Amino acid sequence: MTTHFGAGAGQAIEDAYILGRLLAHPATDASNLRDALRIYDAVRRPVGNEVVERSLHVGLLYELVPSSFPPGTDAAKVHAGDRAELQKVVDEMLRVWAWHSERMPEQDWLQAQEMLLAA
């Protein structure tokens, strides 16, 4: 994971939250421990992958790499300092970051708990 999203420690805390709740759940015992770990992986891996992808995208935006710009952005104008074109890049950064604050680990826990109870 690149450092551009600043999400590594937060991801670790969220992962520990989900894993801890799964392992401490009354429905988890030695007979279904593998299921609990599989559920943890199924719930958290997509989140981690999404953070990796978004971190890379934000990093490329920070570095003003034209391939990361939103469609319709004029790279030459961005590099020349055109405020309107730079604003498009900033808006894209904000769009990518918004996911980070909108997604809560409680959603993942509810999904994991539902999967555990169904297993």
*Inside the range 1-16, can you point out the residues that are touching a residue at least 40 places away in the same chain (Cβ under 8 Å), surrounded by 15 or more Cβ atoms within 10 Å (Cβ to Cβ) and outside any loop (DSSP other than H, G, I, E, B)?*
HIS4, PHE5, GLN11, GLU14
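On the given criteria, is SER67 modelled with pLDDT under 95, out of contact with any Asp or Glu (no Cβ under 6 Å at 6 or more places or on another chain) and hydroxyl-bearing (Ser, Thr, Tyr)?
Considered against the rule, which asks whether it is modelled with pLDDT under 95, out of contact with any Asp or Glu (no Cβ under 6 Å at 6 or more places or on another chain) and hydroxyl-bearing (Ser, Thr, Tyr), SER67 comes out as no.
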_Conditions (1) assigned to a helix (DSSP H, G or I); (2) touching a Leu at 6+ places or on another chain (Cβ under 6 Å); number of the one not met by ALA27_ = (1)
*asked:* So, in the range 96-119, how many residues would count as being assigned to a helix (DSSP H, G or I), in contact (Cβ under 8 Å) with a residue 40 or more places away in the chain and charged (D, E, K, R)?
replied: 1
*Picking from LEU37, LEU60, LEU22, LEU64, which residue would you name as being surrounded by 13 or more Cβ atoms within 10 Å (Cβ to Cβ), of a type outside the set (Val, Ile, Thr), outside any helix (DSSP H, G or I) and more than 15 Å from the chain's Cα centre (by Cα)?*
LEU64
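The values are calculated or read from the model by the stated rules, or taken from the named source; none is laboratory data. Given the structure is predicted, the values throughout are model-derived calculations rather than measurements. Glycine also receives a Cβ, built like all others from the backbone with ideal geometry; neighbour counts cover every protein chain displayed.
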